[in-house]
């Protein structure tokens, strides 16, 4: 495939270690180079500007997911029964099954439980000299509440390893992906054996088997959809929550404003997810000849859709790297957009709102140390972050 001369060429590895540690320089280079660029290292086009990424996400007839969202053919074949790797009526049917558990109305029933667990979690962290923003704070609610609601038998550590390996597999077949291959294969083996007796009665996973019993989805779809519940329940929300805590530690004035006016909690969560962008990149298959701002994009191409780049696009956001809890134009792509908007969006908001509400009457000051970046082909965030809370004076 030879791209048009009208499309700039950038000879850099989107999945290199130094880029994963800090994607901002490459993303800025891609945005400045043009609305559409060619990455010869991966034989991928790339979209990095907000308007172009959002337009692609909304046009699922041109930028399709049914051919997979990974940067390699193996992962795209293995994921063909998932909600993520589907389009049109098939996607709508699969998504409808998941939203019975993850929709806003369904989650109203667990609001009280999540709030109570958030309060317990924050009280416990206040009694510790140091804690980890990822494993202790970010993972607290997903592990204590949500993993149980999903209803799978494996312990949460195994589920976390499976989810991380799955996201690594969505990049190219580089060293990182190959290292995670045994873990990913163990998930595939577990999925193939999965039956109703392996899930908790009345759980979210059980509701997927109910849909199969009712003839809405096939057996292979039911197993894939149960795995679809894991990512929104764990990794992406954990990473967004941990990054939110880092932002609050680095912006004490913002934390003071939230404590003074709790109505700012939803806006603070939205802004934190924009900056966190826990999913760095997915790809899309181009189903028909099209153009991106006049640049030709031929049918059969594959495009890297750079969510994290779009969310820091200077053309869209004033001071894009600033944590601004009163940002007027705060619509972002941290949860995706269009038909494939993250099925876990309501769950993530529920958990992150609960954490902030629990912190407001209890935590006066947040201190955080140096960050250790997460090394993953698709996910973006913090692997470890030493943090401490100062209690509100009695």
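How long is the gain from residue 193 to residue 99 if the chain were fully straight, where each residue apart is worth 0.36 nm and the alpha carbon distance is subtracted?
31.4 nm
For the chain, just run the numbers: alpha carbon Rg, then divide by 2.2 N^0.38 Å, N being how many residues it has.
0.97
Using the alpha-carbon centroid of each, what span in Å lies between the stretch 172-188 and the stretch 334-394?
Between the Cα centres of the stretch 172-188 and the stretch 334-394 lies a distance of 27 Å.
Multiplying the sequence separation of residue 2 and residue 161 by 0.36 nm and subtracting their Cα-Cα distance, what value in nm do you get?
Once the chain is fully extended between residue 2 and residue 161, it gains 53.4 nm.
Applying a 10 Å radius around every beta-carbon, put 273-281, 196-204 in order of their mean neighbour count, most first.
273-281, 196-204
How big is the gap, in Å, between the Cα center of the stretch 202-257 and the Cα center of the stretch 89-105?
Rounded to whole Å, the Cα centres lie 13 Å apart.
Please compute the length gained on full extension between residue 126 and residue 319, using 0.36 nm multiplied by the number of residues separating them and subtracting their Cα-Cα distance.
66.2 nm
R0 = 22 Å: FRET efficiency of residue 144 with residue 106, Cβ-based, nearest 0.05?
0.70
If a paramagnetic tag sat 7 Å from the Cα of residue 28 along the Cα-Cβ line, which residues of the stretch 305-333 would have the backbone N under 14 Å from that point?
Flagged as within label range: 309, 312-315, 319-322.
Going by average Cβ density within 10 Å per residue, which order do the peptides 90-97, 181-188, 380-387, 41-48 take, highest to lowest?
41-48, 380-387, 90-97, 181-188
Checking a compactness column here: for the stretch 1-152, what do you get for Rg(Cα) / (2.2 N^0.38 Å), N being the number of residues?
1.41
Using a Gaussian network model of the chain whose springs link C-alpha atoms within less than 10 Å, name the residue from 76, 377, 174 with the highest mean-square fluctuation.
Between 76, 377, 174, it is 174 that shows the largest mean-square fluctuation.
Starting from the Cα of residue 181, step 7 Å toward the Cβ, then list every residue of the stretch 14-45 with an amide N under 15 Å from that point.
none
FYI, it's all coordinate maths here, none of it is from the lab. Quick caveat: nothing in here was measured; it's all calculated off a predicted structure. FYI the Cβ positions are ideal-geometry reconstructions off the backbone, even for glycines, and counts take in every protein chain you see.
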